[in-house]
1. Just to be sure I understand: with springs between alpha-carbon atoms less than 10 Å apart, which residue in 30, 15, 47 has the highest mean-square fluctuation in the Gaussian network model of the chain?
2. Just to be sure I follow: if Rg is taken over the C-alpha atoms of the chain and Rh is the Kirkwood radius over the same atoms, what is Rg/Rh?
3. As a test of the formula, what do you get for the chain when each DSSP H run with n ≥ 4 contributes -39,500 (n - 2.57) and the sum is divided by the residue count, at 222 nm and rounded to the nearest 500 deg cm²/dmol?
4. Using a probe radius of 1.4 Å on heavy atoms only, what accessible surface per residue do you get for the chain? Whole Å² is fine.
5. Convert each backbone phi in the range 3-18 into a coupling constant with the Karplus relation 6.51 cos²θ - 1.76 cosθ + 1.60 (shift: θ = phi - 60°), then list the ³J(HN,Hα) values in order as whole Hz, x for Gly and Pro.
6. Placing +1 at every Lys and Arg Cβ and -1 at every Asp and Glu Cβ, with all other atoms neutral, what dipole size does the range 1-44 have around its Cα centre, in debye to the nearest 20?
Amino acid sequence: MSAALDELADDQRRAWLLREVADLSDAEIAEEMTTSASTVRGLLSRARSSITIRLEDWR
């Protein structure tokens, strides 16, 4: 998992960590990252896709 997170773009990793570790909402993440909630949703979607692909062999 750590290697998969390391491969994410910085903004994707930050959004993912704020959601999964800090348990923040889209709006809270957007405020923290000074961006919009729709941008956060896109970042999280791309991060999840990348992580899923990276971890396919692990399953």
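1. Ranking 30, 15, 47 by mean-square fluctuation puts 30 first.
2. Numbers: Rg = 11.3 Å, Rh = 11.4 Å.
Rounded to two decimals, Rg/Rh equals 0.99.
3. Values: 4 runs with 43 residues, N = 59.
Mean residue ellipticity at 222 nm (helix-derived): -22000 deg cm²/dmol.
4. Details: 4000 Å² over 59 residues.
So the chain comes to 68 Å² accessible per residue, rounded to a whole number.
5. Whole-Hz 3J(HN,Hα) from phi for the range 3-18: 5, 5, 5, 4, 7, 6, 4, 3, 5, 5, 4, 4, 4, 4, 5, 5.
6. Working: 4 positive and 10 negative charges, 21 e Å.
Around 100 debye, computed over the range 1-44.
The values are calculated or read from the model by the stated rules, or taken from the named source; none is laboratory data. Keep in mind the model is a prediction, meaning the values are calculated, not measured. Neighbour counts run over all protein chains shown; Cβ positions are idealised from the backbone, glycine included. All accessible areas refer to the heavy atoms of the entire protein, side chains included, with ligands and DNA or RNA removed. Shrake-Rupley method; radii C 1.70, N 1.55, O 1.52, S 1.80 Å.
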